[in-house]
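Structure first, commentary second.
Each reported figure results from applying straightforward, stated rules to the coordinates on display, with no laboratory input. Please read all numbers here as calculations on a predicted model, not as lab measurements. Virtual Cβ from ideal backbone geometry, glycine too; neighbours counted across all protein chains shown.
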Amino acid sequence: MPAQLWIVRHGPTEWSRDGRHTSVTDLPLLPEGEEDARALAPRLVDLDPELVLSSPRRRARDTAALAGFTDVEVTEDLAEWAYGDYEGVSTPDIREHDPGWTVWTHETPGGESAAEVGERLDRVVRRVEALEGPVLAFGHGHALRVLAARWLGLPVAEGARFVLDTATVSVLGHEREQRAVVRWNS
């Protein structure tokens, strides 16, 4: 059976709700984020993953646990894109002094480059491809979008094309011998 990667974005936090970039700040889920995470459990109950991975951030680990997955391997490779000086700042606020800024196309002062994020998520792709069953990964909006792009062999910046809401399930797999998006943002 070809590898299949199930990715789950964490439930809502105060900053995700407010559109503020959140990487290293370890925010808890909002009460509705906890409810959303619990609501994932019935959708994942029949999945028997070969491996369950999670970002080290509390919001991802708590989403995994509330969805019924307490035996997870924590990996920095699934951490959110490090926003550096833009941590906690919204895109409109950043654009006041850096017009047209996006994480996909511009520098992130004091943070990670697109190449660095891509290298981390390429390691996840290689690891999943070495297995023969479903892998479940709990993570974050931008990083999981990069993961989808890299799964498909696309440049990191193409992750901009994959809108990903909180507390959603997406599946990356294969169509015949080609890597493909099986389900997205559901």
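Values computed for the structure shown
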read-out	value
Long-range amide H partners of residue 182 with built H, under 5 Å	171, 172, 173
Where GluC sites (Glu not before Pro) in DSSP loops with at most 15 other Cβ within 10 Å are excluded, longest remaining stretch of the chain	1-49
Percentage relative contact order, the chain, counting C-alpha pairs under 8 Å, at least six apart	32
DSSP beta bridges in the chain [antiparallel fraction, %, rounded to 5]	50
R0 of 41 Å, Cβ-Cβ distance residue 152-residue 95: FRET efficiency to nearest 0.05	0.90
For region 4-183, the spread of Cα positions along each principal axis, largest first, Å	48, 39, 23
Distant-in-sequence amide H partners of residue 13 (H built 1.01 Å from N, under 5 Å)	30
Mean ellipticity per residue at 222 nm, deg cm²/dmol - from DSSP H runs of n ≥ 4 across the chain, formula -39500 (n - 2.57)	-9500 deg cm²/dmol
The chain: most fluctuating residue of 13, 75, 105 per GNM, C-alpha cutoff 10 Å	105
Label point 7 Å beyond Cα of residue 115 along Cβ direction - residues of region 133-156 with amide nitrogen under 17 Å	155-156
From phi via Karplus (6.51, -1.76, 1.60), per-residue ³J(HN,Hα) for region 134-145 in Hz, x at Gly/Pro	x, 10, 10, 10, 9, x, 10, x, 5, 4, 5, 5
Total charge dipole magnitude, the chain, about the Cα centre, Cβ charges on Lys, Arg, Asp, Glu only, Debye to nearest 20	400
